[in-house]
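Below: the structure, in structure tokens.
The values are calculated or read from the model by the stated rules, or taken from the named source; none is laboratory data. Note that the coordinates shown come from a computational prediction; the quantities given were computed from them, not determined experimentally. Don't worry about glycine lacking a Cβ; one is built from the backbone with ideal geometry, like all the others, and counts go over all protein chains shown. SASA here: full protein model, heavy atoms, side chains in, ligands and nucleic acids out. Shrake-Rupley method; radii C 1.70, N 1.55, O 1.52, S 1.80 Å.
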Amino acid sequence: MFRFTTAGESHGRALVAIVEGMPAGVPISVEAIDRDLERRQWGYGRGGRQRIERDRAQILSGVRHGRTLGSPIALMIENRDWVNWQDVMAVEPRDLPPEDARQLKRPRPGHADLAGGLKFNARDLRDILERASARESAARVACGAIAKQLLIEFGIEIRSHVIQLGGIPSEPLELDWSSIVAIPDDAPLRCGDAGIEKQMVARVDEARREGDTLGGIFEVVARGVVVGLGSHVSWEAKLDGRLAQAVMSIPAVKAVEIGAGVRAAALPGSQVHDEIAYDTEAKRFFHRTNRAGGLEGGITNGEELRVRGYLKPISTLRRPLRSVDIETKEESAAAYERSDTTAVPAAGVIGEAMVALVLAGAMREKFGGDSLVEMKRNFQMYLDQLRDY
């Protein structure tokens, strides 16, 4: 069983996470984890919080001398901003006046504030927003970076890019793997078309001036995924369903698309389904196109896995929308918490992490093994089986 869990609040002392199910002997680079954490913080349109935090992961257990032990891996990411919130977020009881406690009474439209407050009977909506905040996703990225280090041992690479932001371009970009890999590390919005990216930047500037926010679409691509992960035999085993849940769980994501996805619904089957061919030299089946996005019947088919996340605009606006005070029940402007104008590139990095975690789980289910050596042996036997098919 491969799984992970996270804990921590946005302005608490730290975020923590536990990853279970990694085989023993996997090389682990803390620098690689920190690199993904930095990528999550990068992107034009991010807010002031990113100038405060410099996320770094500390591995507390499960790794010795640079390799996994096969036991649970515990991670911690300190919140540097916690020093300014020690009383507000104290574990011990505090008798603070409402203004010093930074209580939230005016829920933000589009956020979990009101629904969570009603569900948990919270009279201070900070009890909800602190965990509902996208800050939690930093812990997911750290877990995903560990999953990536398992996947790379089997030739699986994962990348993300922004294909639409604020409605620009009108049709999402379509890029091949080499174009995605060629995106510079310092690209402001991680977009593969420099001309389009300039238009996106201008749109972000416009939204910032207006006190508004922007959504968009990111795509995650996994290359080198072996055929046969997931299963058709039950609904919960279908890998496309598991990927959809994982990406949909990212804060602000409201839709998920695999391959041609929504577009395929308007086309005849002759323009949707990928014709099959056989490479006699490589002794492998392949598809002439990849509109299925690497999945058929809930099972990977050996082509690139392509998953898109559709991000709504961030719900915290500098020019607040109308809301209601939960105590007085009177109309009031929604509360404002420090926020971003857009976070689509960051969501793409989180998407990479979630896809990596799902794929790592599917690989562990398929090939088992208490150690990396055993898992690789099982994997090689399966490759031999595929060649003999």
Practice problem: With a 10 Å radius around each residue's Cβ, average the other Cβ atoms per peptide and rank 182-190, 169-177, highest first. | Solution: 182-190, 169-177
Self-check item: Greater than 31 Å apart at Cα, pairs in Lys312/Lys366; Lys105/Lys198; Lys254/Lys329; Lys238/Lys376; Lys238/Lys283; Lys119/Lys366
Solution: Lys312/Lys366; Lys105/Lys198; Lys119/Lys366
Quiz item: What does the charge add up to near Leu15, with Lys and Arg as +1, Asp and Glu as -1, over the other residues with Cβ less than 10 Å from its Cβ?
Solution: -1
Exercise. Report the label-to-label distance for Lys376 and Ser332 in nanometres (one decimal), using points 7 Å from each Cα along the Cα→Cβ vector.
Key: 6.1
Practice problem: Give a quick list of trypsin sites (Lys or Arg not before Pro) in the stretch 94-161 that DSSP marks as loop, anything other than H, G, I, E or B, with at most 12 other Cβ atoms within 10 Å. | Solution: Arg94, Arg123
Self-check item: Scattering curve values for the chain, log₁₀ I(q)/I(0), Debye with Cα scatterers, q = 0.15 Å⁻¹
Solution: -1.42
Quiz prompt | Sparsely packed GluC sites (Glu not before Pro) within the stretch 313-359, loop by DSSP, other Cβ within 10 Å at most 11 | solution = Glu327, Glu330
Quiz prompt | Helical mean residue ellipticity (222 nm; -39500 (n - 2.57) per DSSP H run of 4+; nearest 500) of the chain | solution = -9500 deg cm²/dmol
Quiz item: FRET efficiency for Asn121 and Asn84, Cβ-Cβ distance as r, R0 = 30 Å, nearest 0.05?
Solution: 0.60
Practice problem: Please compute the net charge surrounding Glu157, taking Lys and Arg as +1 and Asp and Glu as -1 over other residues with Cβ under 11 Å from its Cβ. | Solution: +1
Self-check item: Efficiency of FRET from Cβ geometry, Val324 and Tyr389, R₀ 56 Å, rounded to 0.05
Solution: 0.35
Quiz item: For the chain, modelled as a Gaussian network with Cα springs under 10 Å, which listed residue fluctuates most, Asn378, Asn121, Asn290?
Solution: Asn121
Exercise. Hand me the trypsin sites (Lys or Arg not before Pro) from the stretch 239-320 located in a DSSP loop with no more than 13 other Cβ atoms within 10 Å, in residue order please.
Key: Lys283, Arg288
Quiz item: What order do Thr280, Thr289, Thr316 take when sorted by accessible area (1.4 Å probe), most exposed first?
Solution: Thr280, Thr289, Thr316
Quiz item: With the radius of gyration and the Kirkwood radius both derived from the Cα set of the stretch 216-266, what is their ratio Rg to Rh?
Solution: 0.97
Quiz item: For the Cα atoms of the chain, what angle does the longest principal axis make with the long axis of helix 239-248, in degrees from 0 to 90, nearest 10?
Solution: 20
Quiz item: How high is the FRET efficiency between Ser170 and Leu60 when r is their beta carbon distance and R₀ equals 41 Å, given to the nearest 0.05?
Solution: 0.30
Self-check item: Asp325 - accessible surface, heavy atoms, 1.4 Å probe, Å² rounded to 10
Solution: 30
Quiz prompt | Of all accessible heavy-atom area on the chain, the percent that carbon and sulfur account for (1.4 Å) | solution = 52
